[in-house]
Amino acid sequence: MNFKSFLLFLLAIQAIHSQENLAKQFESIESKVIEWRRDFHQHPELSNREFETSKKIAEHLKSLGLEVQTGIAHTGVVGVLKGNKPGKVIALRADMDALPVTERNNLPFKSEAKTTFLETETGVMHACGHDTHIAILMGVAEILAQNKDKINGTVKFIFQPAEEGPPPGEEGGAKLMIKEGVLENPKVDAIFGLHIRSDYEIGTIHYKKEGIMAAVERFVINVKGKQTHGGRPWQGVDPILISAKIIDGLQTIISRESKLVDEAAVITVGKITSGTRFNIIPERAELIGTVRTLNPEMKEKIIRRMTEMTETIAKAYGGEATIEFQNNTAITFNDPSLVDQMLPSLQKVAGIENVRLRKATTGGEDFSFYQEKVPGFFFFLGGMTPNTTEAFPHHTPDFMIDENGLLLGVKALTQITFDYLNN
Ligand SMILES: [Zn+2]
Ligand SMILES: [Zn+2]
C-alpha cells in the first residue's frame, strides 16, 4: 500500500466510523422524539397561543448550545447552529399549532385540553400532526448539534406558530415569521419542511416537483341588483338570478378553459347570502368561496377570468358585481433543481422504493410563503400503520399517527442537512 492509498484507507475507516456513530445516535434519539411528541400531544395549544410549547422548544435548543431567539411572530422560536466551518445556510421548519377539535380515542396521552374558540366550547387537539413535526425537528437539532464538527455552514431551526391560520383579527404564521426576519441574519439559502400523513404507510416519503400543495384564495363577490316586488320582477334587477349565472360562469373557467391535464384547479362557492322573504326580490347578494391552484400561470389566468366573468355577467343582466380576493397560502412550490439535488438523500435514508412520486393536493400550506422567498422542498412523511383499513383524515377527532414513522423524519432532515451543506 502506497501513502496515497493508505490515506484513502484511513478516510474510509473514518467514514464507516462516523456512519456507525450516526446510526447509534439515531437509535437513541427515537425514544426521546416519541416522548416529546406525547408531551406536546397531551398539551396542545391553538394558533398564536403556543406559549408552553415554545418554552419547551427553546429550553431544548438552549441545552444543545444553540443561539436561540424567542417571541418571533408571537410564539415562534428560532435556533441557530453554526458548524465548524463557514458555508451555506439551511433552514428546517416545523409548525407548532393544534386545532379546536375534541380528541376521540383511548391513548394514554390523549388531550383533555379545552378552550373557547369563536365563542364555542371545544376541545384542543393536535389533529394535524404538528406535534410530530416539533418532536422530529427537536431530534434533528440534537443530532446535528452532536455532529457540528462535521458541518460546513449554518443550520436554522424554525419553529413556527399558527400554520392553520391566526385567529380573526391577528397576524401570524409563516407570513409574519418572514416579516420579522427569519430568513435573514444569516440569510437562508434553502428551506426544507415535511408534513406527517395519517394515510401514508410509515417508512415512506412522498414528493412532487413544482406545485405540491395549492395556493388558497378566499373570494367575496358582491352582486348589486334593484329591489322590487317578487310578483313584478320586470320592475327590478334580480341579484339572485345573477348570482346563479355567475356561479355557472365561474365553473366553466375550470371545466372549459383550464388545462387540467397539466395541473388541477378548483373553484368552490361555499356560501350565498341574499334576500329576506318569498315575495321580495332583494337588492344584493353575497357569494363567498375559494380558489385552489397549483401552477403560477394558471393561477394568474383563473383569477383574471373570474374577475371578467363576474363583472360582465352581472352587467349582461342589468346589475353590477365586484370580486375581491384574499390570499391565504401561496403555491407550495418545490424548486425542481433542489428536488433533483436532494432526492438521493431521501432515498439513502428511506430506500429508493420508499420514496414515491405523488400527485398534488388541493389543500394549502403556509410553508409556501418561505418558498416564494428562497428555494424550498416540502415533502410528506408516512404516519400510518401498514395495512390499516381506515385512516382517519387530518383535522378529525379520530386522527391517529403511528409513532414508528417519526424516526424516518429525523433521518431525512438530518441527511438533507449534511448533504446540502457539505456537497
Ligand atoms: Zn392542518
Ligand atoms: Zn398541518
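The values are calculated or read from the model by the stated rules, or taken from the named source; none is laboratory data. Quantities reported herein were computed from a predicted structural model and do not represent experimental measurements. FYI the Cβ positions are ideal-geometry reconstructions off the backbone, even for glycines, and counts take in every protein chain you see. Side chains included, ligands, DNA and RNA excluded: accessible areas come from the protein's heavy atoms. Shrake-Rupley method; radii C 1.70, N 1.55, O 1.52, S 1.80 Å.
Test each condition in (1) within 16 Å of ligand 2 (Cβ to nearest atom); (2) under 16 Å from residue 195 (Cα atoms); (3) of a type in the set (A, V, I, L, M, F, W, C) for residue 157 and report the one that comes out false.
Result: residue 157 passes all but (1).
Among 171, 119, which is on the phi > 0 side of the Ramachandran plot and either within 23 Å of the chain's Cα centre (by Cα) or away from ligand 2 (no atom under 16 Å from the Cβ) (or both)?
119
Of the residues 350, 285, which single one is farther than 30 Å from residue 161 by Cα, touching a residue at least 40 places away in the same chain (Cβ under 8 Å) and surrounded by 16 or more Cβ atoms within 10 Å (Cβ to Cβ)?
Details: 350 fails: farther than 30 Å from residue 161 by Cα.
Just a single option satisfies the conditions, and that option is 285.
Tell me, which residue of the stretch 373-383 that is within 16 Å of ligand 1 (Cβ to nearest atom) and over 11 Å from the mean Cα position of the chain (by Cα) is farthest from residue 129 (Cα to Cα)?
Across the stretch 373-383, the extreme among qualifying residues is 381.
Pairs, please: C-beta under 6 Å, at least 6 apart or cross-chain, first residue closer than 14 Å to residue 148 by Cα and in the stretch 403-423, second small (Gly, Ala, Ser)?
Taking only residues 6 or more apart or on different chains, the pairs are 415/345; 419/345; 421/87; 421/153.
For the stretch 244-255, indicate whether the set of residues that are more than 16 Å from ligand 1 (Cβ to nearest atom), open to solvent by less than 30 Å² (accessible area, probe 1.4 Å), over 28 Å from the mean Cα position of the chain (by Cα) and not assigned by TED's automatic domain parsing to the domain that holds residue 335 is non-empty. Show your work before the answer.
So the first thing to find is which residues in the stretch 244-255 are more than 16 Å from ligand 1 (Cβ to nearest atom), and the list is 244-255.
With open to solvent by less than 30 Å² (accessible area, probe 1.4 Å) added as a condition, the list becomes 246, 249-250, 253-254.
When the remaining residues are screened for being over 28 Å from the mean Cα position of the chain (by Cα), the result is 246, 249.
After this cut, where a residue has to be not assigned by TED's automatic domain parsing to the domain that holds residue 335 as well, the list is 246, 249.
Looking through the stretch 244-255, at least one residue is more than 16 Å from ligand 1 (Cβ to nearest atom), open to solvent by less than 30 Å² (accessible area, probe 1.4 Å), over 28 Å from the mean Cα position of the chain (by Cα) and not assigned by TED's automatic domain parsing to the domain that holds residue 335.
Give, as residue ranges, the strands (runs of 3 or more DSSP E) completely inside the stretch 91-202 that count at least 3 residues that are within 16 Å of ligand 1 (Cβ to nearest atom) and buried (at least 24 other Cβ atoms within 10 Å of the Cβ). Steps first, answer last, please.
Details: elements: 114-117, 120-123, 152-160, 190-201.
Passing ranges, in order: 190-201.
Kindly provide the set of residues from the stretch 293-307 that are of a type in the set (D, E, K, R) and either part of a strand (DSSP E or B) or surrounded by 14 or more Cβ atoms within 10 Å (Cβ to Cβ) (or both), ordered by number.
299, 301, 305
Would the stretch 340-349 turn up any residue that is more than 20 Å from residue 212 (Cβ to Cβ) and modelled with pLDDT of 95 or more?
Checked the stretch 340-349: at least one residue is more than 20 Å from residue 212 (Cβ to Cβ) and modelled with pLDDT of 95 or more.
Across the stretch 203-218, which residue is nearest to residue 270 (Cα to Cα) among those that are within 16 Å of ligand 2 (Cβ to nearest atom) and open to solvent by 10 Å² or more (accessible area, probe 1.4 Å)?
Taking the stretch 203-218 first, the residues within 16 Å of ligand 2 (Cβ to nearest atom) are 206, 212-214, 216.
Within this subset, residues satisfying the condition of being open to solvent by 10 Å² or more (accessible area, probe 1.4 Å) are 206, 213, 216.
Numbers: 206: 30, 213: 20, 216: 14 Å.
The extreme case among them is 216.
For the condition within 17 Å of residue 220 (Cβ to Cβ) and either in a strand (DSSP E or B) or touching a Gly at 6+ places or on another chain (Cβ under 6 Å) (or both), what is the one hit in 310, 290? Before you say what the answer is, go through the steps one by one.
Working: 310 fails: either in a strand (DSSP E or B) or touching a Gly at 6+ places or on another chain (Cβ under 6 Å) (or both).
Every option except 290 fails the conditions.
Residue under question is residue 226, and the condition is that it be among the charged types (D, E, K, R) and without any contact (Cβ under 8 Å) to a residue 40 or more places away in the chain; does it hold?
On the way: among the charged types (D, E, K, R): yes; without any contact (Cβ under 8 Å) to a residue 40 or more places away in the chain: no.
Against the criterion (among the charged types (D, E, K, R) and without any contact (Cβ under 8 Å) to a residue 40 or more places away in the chain), residue 226 does not qualify.
Test residue 113 against the stated conditions and say whether it is under 26 Å from residue 395 (Cβ atoms), touching a residue at least 24 places away in the same chain (Cβ under 8 Å) and away from ligand 2 (no atom under 16 Å from the Cβ). Can you show your working first?
Details: under 26 Å from residue 395 (Cβ atoms): yes; touching a residue at least 24 places away in the same chain (Cβ under 8 Å): yes; away from ligand 2 (no atom under 16 Å from the Cβ): yes.
Yes, satisfied.
Where residues in the stretch 324-372 are within 16 Å of ligand 1 (Cβ to nearest atom) and of a type in the set (Val, Ile, Thr), which of them is nearest to residue 265 (Cα to Cα)? Give the derivation first.
Taking the stretch 324-372 and keeping what is within 16 Å of ligand 1 (Cβ to nearest atom), we get 328-329, 332, 361-369.
Narrowing the set further to residues that are of a type in the set (Val, Ile, Thr) leaves 329, 332, 361-362.
Working: 329: 15, 332: 14, 361: 10, 362: 8 Å.
By that ranking, first place goes to 362.
With the condition kept exactly as written, say whether any residue in the stretch 53-67 is closer than 22 Å to residue 175 by Cα, open to solvent by 20 Å² or more (accessible area, probe 1.4 Å) and among the charged types (D, E, K, R).
Within the stretch 53-67, the subset closer than 22 Å to residue 175 by Cα is 53-55, 57-58.
Remaining after also requiring open to solvent by 20 Å² or more (accessible area, probe 1.4 Å): 55.
Cutting the leftovers down to among the charged types (D, E, K, R) gives us 55.
The answer is yes; a qualifying residue exists.
It is to be established whether one or more residues within the stretch 260-269 are more than 25 Å from the chain's Cα centre (by Cα), farther than 30 Å from residue 417 by Cα and open to solvent by less than 70 Å² (accessible area, probe 1.4 Å). Steps first, answer last, please.
Initially, the stretch 260-269 is screened for residues more than 25 Å from the chain's Cα centre (by Cα), giving none.
Checked the stretch 260-269: no residue is more than 25 Å from the chain's Cα centre (by Cα), farther than 30 Å from residue 417 by Cα and open to solvent by less than 70 Å² (accessible area, probe 1.4 Å).
Pick from the stretch 388-416 the residues that are among the polar types (S, T, N, Q) and farther than 20 Å from residue 354 by Cβ: which of them is least open to solvent (accessible area, probe 1.4 Å)? I'd like the intermediate steps shown before the answer.
Initial filter on the stretch 388-416 (among the polar types (S, T, N, Q)): 388-389, 396, 404, 414-415.
Narrowing the set further to residues that are farther than 20 Å from residue 354 by Cβ leaves 389, 396.
On the way: 389: 143, 396: 35 Å².
Once the filter is applied, the top-ranked residue is 396.
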